[in-house]
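Have a look at the structure below before the remarks.
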Amino acid sequence: MLVPDDPVFFATFQSLEEPLLRHLYRLHAAGLDCDDGRILSDAYDSWVQVLLRLPGWPEGHAHRTEPAPDERAGYVLYGTHGDPLPSLYPIEVTAVELGHLTACLDLFAARDRALPALPGQPAVPWVAEQPERDRGLADVFRRVLQVLLLPPPRRLLAAVRHVVLTGAKGSMTLPADQEREYRRFCEDIVTILSSGDAFAHRSHWALYF
């Protein structure tokens, strides 16, 4: 997988922490030991593992277990004409981690679908007190997963992987064909994260070009 050094993606990914922890706390406080709790717990554990691999993760975090991408290879990415571009980094996300995150997305999506039909008392105990800030949580979760699952261009992935994993320092300039692939790939990321809001889409795209 390729992820950009993109503050919008990082902030969107990090925003999942609070609702995951809040719902886990509700289940724990209610003394519930159920499938939903295990799904949420597994998803949170996988979320943490992916977070630790993302570019932009704070260097001094107490739970960090590996160097940040910038430390592994602090390279600067340039386009064909010398314009600086947001760097891309390869990260490994296991099938198990993706499975946990997908199961959690399915859980939140099913809960959202059920909410309008709830007559009074929720059918699922941890859905009681549905705060307004949880509206759209499944959509945010879906956008994050779509970015993680977005297939990167193979040649671009190989070139970036070589720079990052070999520890090469300095800069990398994309040839014209790979810059076109880069633009299409990053445009897909911007569309996934910011579609539905024209201003957000323009502002996000301005981070790249």
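No lab work stands behind these numbers, since they all come straight from the coordinates. What you see is a predicted model, and the numbers here were worked out from it, not measured in a lab. For neighbour counting, all protein chains shown are included, and Cβ atoms are generated from backbone atoms with ideal geometry for every residue, glycine included.
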Once both label points are put 7 Å beyond Cα along the C-beta direction, the residue 109-residue 91 separation in nm becomes 2.1 nm
Cβ-Cβ FRET estimate between residue 177 and residue 209, R0 fixed at 30 Å, reported to 0.05: 0.95
Determine the relative contact order of the stretch 138-202: mean sequence separation of Cα pairs under 8 Å and six or more apart, normalised by residue count, in whole percent. 42 percent
What FRET efficiency comes out for residue 81 versus residue 22 if R0 is 41 angstrom and r is the Cβ-Cβ distance? Round to the nearest 0.05. 0.30
Sum up the charges of everything whose Cβ sits under 11 Å from the Cβ of residue 152, counting Lys and Arg as +1 and Asp and Glu as -1, but leave residue 152 out. +2
Please work out how much length the chain gains when fully extended from residue 187 to residue 52, using 0.36 nm per residue of separation minus the C-alpha to C-alpha distance, in nm with one decimal. 46.1 nm
Explain nothing, just compute: Karplus ³J(HN,Hα) = 6.51 cos²θ - 1.76 cosθ + 1.60, θ = phi - 60°, for every residue of the stretch 197-202 in order, whole Hz, x for Gly and Pro. 9, 4, 5, 4, 5, 5
Two pseudo-spin positions, 7 Å from Cα along C-beta at residue 199 and at residue 102, lie apart in nanometres by 3.7 nm
The long-range amide H neighbours of residue 171, using H built 1.01 Å from N in the peptide plane and a cut-off of under 5 Å, are 76
Once the other residues with Cβ under 13 Å from the Cβ of residue 183 are scored (Lys, Arg +1; Asp, Glu -1), what is the net sum? -4
Amide H to amide H under 5 Å from residue 85: which residues, 5+ apart in sequence or cross-chain, H placed 1.01 Å off N in plane? 77, 78, 79
